[in-house]
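Working notes, beginning with the structure itself.
The values are calculated or read from the model by the stated rules, or taken from the named source; none is laboratory data. What you see is a predicted model, and the numbers here were worked out from it, not measured in a lab. Because the Cβ atoms are built from the backbone with ideal geometry, glycine has one as well, and the counts that use them run over all protein chains shown. For the accessible areas, the whole protein counts, side chains as well, though only heavy atoms, and no ligand, DNA or RNA atoms are used. Shrake-Rupley method; radii C 1.70, N 1.55, O 1.52, S 1.80 Å.
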Amino acid sequence: MRSREVRPGIYSVGAVDWERRLFDALIPLPEGTSYNSYLVRGTDKTALVDTVDPTKTQVLLDNLAGIDRLDYVVIQHVEQDHSGSLPVILSRHPEARVLCSAKAVDLLASHLRVSGDVVGPVEDGQELELGGKTLRFIYTPWAHWPETISTLVQEDALLLSCDLFGSHLATSDLFGRDEEVYPAAKRYFAEIMMPFRAALKKNLDRIEPLRPELIAPSHGPVYARPQLILGAYREWVEGPPHNLVVIPYVSMHGSTRVLVDRLTDALVERGVKVERFDLEAVDLGRLATALVDAATVVAATPTVLSNPHPAMVSALYLASALRPRARFLAVVASYGWATKVVEMVASLTAGLKAELIEPVLVKGLAGSGDLERIDELADTIAAKHAEAGLGGPGL
Ligand code: FEO
């Protein structure tokens, strides 16, 4: 994407990656992504804030073709999708000084082999005058690495927030449309930010008083109405979970699916919203997004060699690592002659810190007594949601 002006003297010079479909060799990118880089031109000095993924270095170079001098390159975050072009930029602009957090100095040396006098740490709250443009650096750690900073262009009340508030969304829109960016930002929060809710709360406490009029993250479009994303993050970070049950499931011969179908109907009858995910063909990003709001997770799995199906093992490992707000966990499992599914699920989900509800284990195809136990599980879940005051019917 060609360079575009965000505000007078501030330009978006990064790259849209329309075709990328996987991030970190793990996260599906159905909408592509972007690697945003911003050029801030003062009357005296020029700063580039973040670079781009190494695969898009030429786009950044093309957008900087008319720039004779770069005084500073601010590296807000060392992950390579934002810092990966730094060595090439420095080779083109040996006059530039790299500014970053104290923690990033070491990470730049180890990840990019950029070190020495060219790199200078900035303090939390430090200001940098460019001439009519003043950058204020704000430490915003654990969003999602420990070294991350954000940068406020004070005269423009423009916050460059790096990964924070980002969305994996390839679009030609410089400014996002709310209905398009909100679901993408929620998915991004689920996949990247959710494990760091405590740190994010502190970061929000620092950012909101700055009253940014624009927020420009390093992925996805710029927010012209920052309250949308600030309010959404507050809710995702601090709000209670919703009256929602998320059911990841696998069924090899249909026995587990019978249990899932019965549980879905029983929960809906009791006013509880259900989102279910067949792990045979799941988009992990959609599952992660559902986990942002879920009050209860029900793992429904057949038994394979005494344990949960490997697809369930993988999904639960990920769900636990993401540390969602879920308060309750249940297991519904079918088995042929013996099972240790519950023990394994409990072990895999230790990070959830959720109350384990009495499991329903069924030998072979469910009979009427088994289906009644599924109904009782639905009773228990609905009652626990009601006791927790989780917003009444979720439907
Ligand atoms: Fe977009 Fe953590 O890199």
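Would you mind calculating the relative contact order of the range 127-211 from Cα pairs under 8 angstrom and at least 6 residues apart, reporting the percent as a whole number? Don't jump to the answer; show the numbers that get you there.
Details: 95 pairs, mean separation 20.4, N = 85.
About 24 percent, as a whole number.
Per the helix-only calculation at 222 nm, which mean residue ellipticity applies to the chain, given -39500 (n - 2.57) for every DSSP H run of n ≥ 4 and division by its residues, nearest 500 deg cm²/dmol?
Per the formula, -10000 deg cm²/dmol.
Just to confirm the number: angle between the C-alpha axis of helix 310-322 and the first principal axis of the chain, 0 to 90 degrees, nearest 10?
50
Subtracting the Cα-Cα distance from 0.36 nm times the residue separation, let me have the gained length for Ser368 to Ala281 in nm, one decimal.
Stretched out fully, the Ser368 to Ala281 stretch lengthens by 28.4 nm.
If you average the sequence gap of Cα pairs under 8 Å that are 6 or more apart and divide by the length of the chain, what percent do you get for the contact order?
Values: 848 pairs, mean separation 46.3, N = 395.
That works out to 12 percent.
For the range 310-395, which whole percent of the accessible surface, found with a 1.4 angstrom probe, sits on carbon and sulfur atoms?
Ligands and nucleic acids excluded, carbon and sulfur give 56 percent.
Work out the P(r) tail for the range 157-315: percent of alpha carbon pairs separated by more than 22 Å, whole number.
50
On average, how much accessible surface per residue is there in the chain, in Å², for a 1.4 Å probe, leaving out ligands, DNA and RNA?
Dividing the accessible area of the chain by its residue count gives 41 Å².
May I ask you to give the percent of accessible area on the range 129-256 that is carbon plus sulfur, with a probe radius of 1.4 Å?
55
Between Glu180 and Ala388, how many nm apart are label points set 7 Å from Cα along the C-beta direction?
Roughly 3.6 nm, to one decimal.
Which angle from 0 to 90°, rounded to the nearest 10, does the C-alpha axis of helix 368-387 make with the longest principal axis of the chain?
Orientation of helix 368-387: about 50 degrees from the principal axis.
Using a ≥ b ≥ c from the Cα gyration tensor of the range 344-395 (square roots of the eigenvalues), is it rounded, prolate or oblate, where a/c under 1.5 gives rounded and otherwise the larger of a/b and b/c decides, a/b for prolate?
Here the range 344-395 falls in the oblate category.
Excluding Val73 itself, calculate the net charge of residues whose Cβ lies under 10 Å from the Cβ of Val73, where each Lys or Arg counts +1 and each Asp or Glu counts -1.
-1
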